[in-house]
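To keep things clear, I will list the structure first and then write my remarks on it.
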Amino acid sequence: MSIRKYNFIMRIILTALILFIFSSGAHAGIKATWKSNNQTGELSSISLNNTEYVSLNDLTRFLGVTHEINTRKGIGVIKLENGEITYTHLSSYVSVGEKSYNLQNDIVFHKGSYYAPVKILIDVISRLSSNEIIYSEDENSLLILPATYNILDLVAQQKLNGMMVEVLLSEELKYDIVQTDDHWLITNIYEGKVDTAMFAGKRPLKAIYDTKAYQFENSAQISIRLRPKPFTFVSKIKENPLRIQIMIKGDDFADTVLAYVPGEQSNNDIDLIVIDPGHGGEDDGAVGPSGIKEKDINLKISKQLKELLEQDGFNVLLTRDDDRFIPLSDRTQIANEAGADVFISVHCNASAVNKKARGYISFFLSDAKSDQARAAAALENAAIRFETKDNQRGYVSDIDFILLDMVQNEYLKESADLAAMIEQNITKHTKIESRGVDQAGFFVLNKAFMPSVLVESAFISNKQDEKLLKDSKTHKEIAKSIASAIVQFKQKYEAME
């Protein structure tokens, strides 16, 4: 049995043991009440890591929605009125369309059903339901009421030459939009019901100067004040989740948005690090002469790096902590959603034509300037073939065009500095030869809202480098080198506050 399979099996056994310990005693389920249907029930639940989990079988049955499960792949889909929630066994992330949500704790399997942390899951479900669903921690109860509001939220994100604003709805409503001379964009939503206090002053992007909401007898109005520069807009209704999507176009808005960092704080603290072990699942990455797979080496180094950074006082997230495939665009989305301060993607290099090629290299995202950079980018970007066609539509072949549509430009200097620090530390702490620092167009770094670097630890295609990569001592040395660089980076850039 391979070490990877052994570790995976041990993780499942450990999870099952923890579930048994926490659920073996008497534990009351979640009391559920649906007022308008005169429906009551008790949903199976377990307490794990001081968190209440609900049976997804029981929850979806009570809500009367479709729940599709592929137990072989450990994937499930909950189909609600206005969208679908996809979840994965032993992962804390669920997805709704292109958006990911972090439940903070992994989804687990127990006694024939998947269980999920109920509090945050209900927040996600509420965005897709025409009812108001309220979970009370104190009473461990679920209450379903007719929705008070059908206009749920206002979100925004940067896009090419502008930004996209979305008004989330719980039901499809007719609307119209008016642009005023004093730079207000007014969305009138017929039969809309809005919590005016929640929307007042809401600024999901700095390019939005102000937001006001009004409730009228037969309609609601969401008004956002934009930067006083020329712009045009188009809009449409989108599903999963249901929303009014408004695309605001204008170069001046792109400039404003590129200066914005989601979750931006008033200080300059560097605290949350997201580590991305490259490849995974059906995507093995490169394979060495002896048969070792890049995806496994990447994960081992990343776990060592996580442990070292946590010892240094950082908060750390892994985009994957087991052998599964995550689309390239989702990896930076996980970092963006978490509000990460640094993003590190860990890989091994390889060459099909030059088996003598050796050494590590640190990359930051920009147009490739060398043959080795173009070759490395082509190798890593090949993972797109494992993605769905919908995900692939987000990629284009011209890296110059990609660079226009990313916030990474804001962090080229910081990313280059971090790459240089990693290169210096790997030279200091390992026996691996250095190939320096380079720049290239890696999709996995595209649209990262923070300094980000891709590290090619060594050439897995070279027998000598492969021998180093098979050694756990080398994994720790590489991890120590990257961790030391991040500490240096933190010291430098926090001092510039």
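The values are calculated or read from the model by the stated rules, or taken from the named source; none is laboratory data. Please read all numbers here as calculations on a predicted model, not as lab measurements. Using ideal geometry, Cβ is built from the backbone for each residue, glycine included, and neighbour counts are taken over all protein chains shown. What goes into the accessible areas is simple: the full protein's heavy atoms, side chains included, and nothing from ligands, DNA or RNA. Shrake-Rupley method; radii C 1.70, N 1.55, O 1.52, S 1.80 Å.
Kindly evaluate Q464 against the criterion of being at pLDDT 90 or above, within 19 Å of F364 (Cβ to Cβ), out of contact with any Asp or Glu (no Cβ under 7 Å at 6 or more places or on another chain) and open to solvent by 60 Å² or more (accessible area, probe 1.4 Å). No, not satisfied. Restricting to the stretch 323-344, count the residues that are at pLDDT 90 or above and in a loop (DSSP other than H, G, I, E, B). Qualifying residue count for the region: 1. Scanning the stretch 28-50 for residues that are more than 18 Å from A116 (Cα to Cα) and among the hydrophobic types (A, V, I, L, M, F, W, C) turns up just one, W34.
Just checking: which of the strands (runs of 3 or more DSSP E) contained wholly in the stretch 31-100 hold 2 or more residues that are without any contact (Cβ under 8 Å) to a residue 12 or more places away in the chain and open to solvent by 30 Å² or more (accessible area, probe 1.4 Å)? Correct list: 66-70.
Provide a single number: the residues in the stretch 173-196 that are open to solvent by 80 Å² or more (accessible area, probe 1.4 Å) and either closer than 28 Å to N336 by Cβ or among the hydrophobic types (A, V, I, L, M, F, W, C) (or both). Within the stretch 173-196, residues that are open to solvent by 80 Å² or more (accessible area, probe 1.4 Å) and either closer than 28 Å to N336 by Cβ or among the hydrophobic types (A, V, I, L, M, F, W, C) (or both) number 0. Annotation note: of I292, I326, I334, the sole residue that is among the β-branched types (V, I, T) and more than 24 Å from H89 (Cβ to Cβ) is I292. Note on the stretch 204-217: among residues that are touching a strand residue (DSSP E or B) at 6+ places or on another chain (Cβ under 7 Å) and open to solvent by 90 Å² or more (accessible area, probe 1.4 Å), the one that is nearest to E132 (Cα to Cα) is Y214. Can you tell me which condition I486 does not meet? The list is (1) within 22 Å of A416 (Cα to Cα); (2) open to solvent by 10 Å² or more (accessible area, probe 1.4 Å), and all the others hold. All conditions are met except number (2).
Checked against the criterion of being under 23 Å from E494 (Cα atoms) and open to solvent by 10 Å² or more (accessible area, probe 1.4 Å), the stretch 324-336 contains one or more residues that satisfy it.
With respect to (1) within 22 Å of L59 (Cβ to Cβ); (2) at pLDDT 90 or above; (3) among the acidic types (D, E), the lone exception for D106 is condition (2). For the stretch 287-308, give me each residue that is among the aliphatic types (A, V, I, L, M), within 22 Å of the chain's Cα centre (by Cα) and either more than 10 Å from P277 (Cα to Cα) or surrounded by fewer than 20 Cβ atoms within 10 Å (Cβ to Cβ) (or both). Of everything in the stretch 287-308, just one residue is among the aliphatic types (A, V, I, L, M), within 22 Å of the chain's Cα centre (by Cα) and either more than 10 Å from P277 (Cα to Cα) or surrounded by fewer than 20 Cβ atoms within 10 Å (Cβ to Cβ) (or both), namely L305. Tallying residues that are more than 18 Å from the chain's Cα centre (by Cα) and under 18 Å from E337 (Cα atoms) within the stretch 97-118 yields 0.
Would you check if I134 is in a strand (DSSP E or B), under 24 Å from R61 (Cα atoms) and not acidic (D, E)? In short, yes. When the stretch 441-458 is examined, which residues are found to be β-branched (V, I, T) and at pLDDT 65 or above? V453, V455 - these are the residues of the stretch 441-458 that are β-branched (V, I, T) and at pLDDT 65 or above.
Of the candidates G339, G313, the single residue that is surrounded by fewer than 18 Cβ atoms within 10 Å (Cβ to Cβ), within 19 Å of S415 (Cβ to Cβ) and not aliphatic (A, V, I, L, M) is G339. Checked against (1) at pLDDT below 85; (2) out of contact with any Pro (no Cβ under 7 Å at 6 or more places or on another chain), H429 passes all but condition (1).
Working only within the stretch 165-210, note down all residues that are among the aromatic types (F, W, Y) and in a strand (DSSP E or B). Those that are among the aromatic types (F, W, Y) and in a strand (DSSP E or B): Y175, W184, Y190, Y209.
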